[in-house]
Amino acid sequence: MTAAASAFRTYSRPTEHSMTSNSSHARGTVILGVAASDAHAVANQLIAHDLREHGYTVINLGTCTPVSEFANAALDNPEALAILIGSLNGHIHEDLRDLAKAQKSGAIRCPVVVGGNLSVGSHKSDDAIEKLFCLGVDIVLSDAAELPELLQRLSLDAAAAQRSAS
């Protein structure tokens, strides 16, 4: 294992999700976008390309995506495994202030995963991650290379939930 791989940390908020997995696609659908105040597009495009190479259907909402657009995409794609939100400008806390409301309304029912630069300044704290969980974020990733493995796990969880609901 490389040093970079061993340094990878994933943070998850413990919760149950109402997820379905009836997609006709081999791996499933994900909704991808960049936080509302963020116009950084390169990582978004690279992640979309990588996920498509891994067999996922990617609904890419692009940059400067408000929570309402993620919610609309989730309503249009109820089979989505996850909503993936990136941020490089560090203002994701402000950008996601309406996330819990969208989840409570039922518009967003799948896990919300965030990654990137999650706070302003060079000093990063675990407090910033805890604030994201309080906003409704389910998983915080520090390395986009771990997305395929995470999505595979979410897909298996969704399939198990669907079987137990039947």
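Just so it is clear, none of the values below were taken in a lab; they were calculated from the coordinates. Note that the coordinates shown come from a computational prediction; the quantities given were computed from them, not determined experimentally. In this analysis, Cβ positions are derived from the backbone assuming ideal geometry, glycine residues included, and neighbour counts consider all displayed protein chains.
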List the residues, sorted by chain then number, that are 5 or more residues from His91 or on another chain and whose placed amide H is less than 5 Å from its amide H. none
Lys and Arg at +1, Asp and Glu at -1: add these up for the other residues within a Cβ distance under 13 Å of Tyr56 and post the number. -2
Surface/4 estimate of mean projected area, convex hull on alpha-carbon atoms of segment 101-166, nm²: 5.7
Answer rounded, prolate or oblate for segment 18-113, using the Cα gyration tensor with square roots of eigenvalues a ≥ b ≥ c: rounded when a/c is under 1.5, else prolate when a/b is larger than b/c, else oblate. oblate
What residues qualify as long-range amide H neighbours of Ala82, i.e. H under 5 Å apart, gap of 5 or more or another chain, H built at 1.01 Å from N? Ile31
With θ set to phi - 60°, apply the Karplus curve 6.51 cos²θ - 1.76 cosθ + 1.60 along segment 38-45 and write out the HN-Hα couplings as whole Hz, x wherever there is a Gly or Pro. 10, 9, 6, 9, 5, 4, 4, 5
Using θ = phi - 60° and the Karplus form 6.51 cos²θ - 1.76 cosθ + 1.60, what ³J(HN,Hα) does each residue of segment 91-97 get, whole Hz, x for Gly and Pro? 9, 5, 4, 5, 5, 9, 4
Compactness of segment 69-120 - radius of gyration and Dmax, Cα, Å: 11.3, 34
